[in-house]
1. Expressed as a rounded percentage, what relative contact order does the range 74-152 have, with Cα pairs under 8 Å and six or more residues apart?
2. List residues of the range 258-297, by number, whose backbone nitrogen lies under 11 Å from a label position 7 Å along Cα→C-beta of Ala324.
3. With the Cα gyration tensor of the range 326-398 giving a ≥ b ≥ c as the square roots of its eigenvalues, does the rule (a/c under 1.5 for rounded; else a/b larger than b/c for prolate; else oblate) give rounded, prolate or oblate?
4. Could you work out the local net charge near Val140, counting Lys and Arg as +1, Asp and Glu as -1, over the other residues with Cβ closer than 10 Å to its Cβ?
5. Measure out, as a whole number of angstrom, how far apart the alpha-carbon centroids of the range 89-124 and the range 310-351 sit.
6. For a test of the definition: using alpha carbon positions, the gyration tensor, and the 1.5 limit on a/c, classify the range 270-376 as rounded, prolate or oblate.
7. Measuring from label point to label point, each 7 Å out along Cα→Cβ, what is the Arg87 to Leu391 span in nm?
Amino acid sequence: MTARKPPPTAPEHNHRDRGLRHNDDFLRLWGGETLSQVGSQISLIALPLTAITLLDAGAGMVGLLATAQYAPVLLVSPLAGHWFDTRPCRPTLAATNFGRALLMGVIPLSWALGFLSVPLLLVVAFATGTLTAVFDIGYVSYLPRLVPPRQLTSANARLESTYSIAGAGGPGLGGLLVQALGPAGAVIADSFSYLVAGGLNLGIRHREARPPRQKGVSPWPAIREGMVFLARHPVLRPVLLQSAAFNLLGQVTFTLFLLYGVQSLHLTSGTLGVVLSVSCLGGLLGAAVAGRVGRRLGTGRTIVWSMVVGSLSLTAIPAAHGRAPVAVAVLVLGLIVHELGLGLFNVHSLTLRARMIPAHLLGRVTAGWRLVSTGAIALNGLLAGVLGELLGVRTALAVATGTLAVSCAAFLFSSVRTVSVEGPAEPDDDDPDAPEGRAAEAPTAPTTADGADEPTEGQPWTRS
């Protein structure tokens with residue numbers, strides 16, 4: 001009697017011959033995330049416009065809604081990271097998608113029944129944000145288990161393309177749906193996308209080996225280990241701090257941008273959606289050329305300069321004024337450049353982290369990263385509301401974008417720009433220019449330009 005072969009528990013390294021296009025499990029993960037991101041981009045414009053147009057919300061209330069969406073990152077990230085380091089990722093990813101589908105369905109239902117209110121929006125935003133925080137940590141932790149180390153740049157480039165495609169189509173579709181169905185009705189598409197994404201997650205056949213767990217042992221020492229790793233790392237620490245500054249001030253800018261577009265520039269929801277859609281094509285371009293740019297400039301220089309370019313270009317938002325066609329042109333040009341930098345940064349930042357973080361720490365270090373980087377966004381709503389009420393929307397935009405530009409000065413001269421990830425990328429059937437090379441069994445240690453190994457033990461307007 002022949003023993004049954006157990007399901008794979010680690011990435012198979014024969015993907016060099018097959019390429020990512022033939023990795024069915026990666027395609028299911030990627031496809032589910034694409035649908036989920038399109039729906040989320042619809043909600044990104046539909047939820048605040050629901051508050052603005054249906055509930056007469058001002059800057060303070062819109063800011064509070066944004067805070068409710070991101071505050072859960074501060075509360076659940078540490079425990080979620082420990083969870084994914086000690087349990088398989090796939091079941092939890094599917095559960096978070098199904099949960100978000102149910103929660104988003106509450107908004108159109110309450111709208112149809114006539115009891116939609118700001119408190120209800122805040123509750124839904126907070127609960128959805130909690131599940132999103134868990135999903136995002138699990139997603140980053142799961143990817144290196146599905147693809148070989150040398151295909152991580154290609155995989156991350158595809159995922160960044162997903163964000164750009166979602167950004168290109170989602171807001172435009174969201175703006176049109178808001179005009180056709182009302183803001184609450186537009187959220188139906190988001191609910192459906194989460195439902196399909198959860199189904200695709202369940203379809204992944206790869207099975208992870210259950211990591212060893214010690215019953216009765218507190219998770220907090222393990223959580224602290226991840227935070228200490230980040231705090232002491234000479235390369236990841238400055239990238240993390242600059243990402244946090246960008247996420248805070250960038251999201252303040254986005255929150256005020258919607259108010260500025262509607263109240264000051266007198267743009268319709270559809271026009272705002274088109275502006276965001278067209279500008280996100282820059283992110284698609286950034287993801288497409290990320291591999292080539294990284295090989296030419298090096299990982300560190302690409303990360304630094306993409307951050308600088310992406311940050312400076314946001315100053316175009318408060319500069320846009322006057323007649324609508326001129327204002328729209330300035331917004332589109334500035335945001336295309338911004339999204340180009342965003343796409344480049346996210347691809348190489350994710351790959352750098354996957355190479356530099358030890359496999360057994362990936363979940364908890366990712367949680368620590370999101371606690372600081374994405375957790376900063378939780379403060380954006382309150383800050384945007386205060387600045388908007390005290391200074392006026394346009395002046396507040398100028399303060400936020402100007403401060404972000406200044407924050408890039410130290411990052412520009414940091415040690416990050418000398419970092420490179422040695423070893424050729426895994427050749428992929430979609431990138432004929434990628435250099436040939438032997439697939440590695442383990443991530444290669446990043447190095448600085450002078451050849452010294454860096455300390456390492458192994459492997460919508462936000463920076464990863």
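Every read-out reported here was derived from the displayed coordinates using simple, explicitly stated rules and does not represent laboratory data. Remember, predicted model here, so these are calculated numbers, not experimental data. Here the Cβ is made from the backbone with ideal geometry for all residues, glycine too, and neighbour counts use every protein chain on show.
1. After rounding, I find 50 percent.
2. Of the residues in the range 258-297, 265-272 have backbone N under 11 Å from the label point off Ala324.
3. Values: a/c = 5.86, a/b = 1.59, b/c = 3.68.
Oblate is the answer for the range 326-398, as a/c is 1.5 or above yet b/c matches or exceeds a/b.
4. Charge balance in the 10 Å sphere: +1.
5. Cα centroid of the range 89-124 versus Cα centroid of the range 310-351: 31 Å apart.
6. prolate
7. For the pair Arg87/Leu391, the computed spacing is 4.3 nm.
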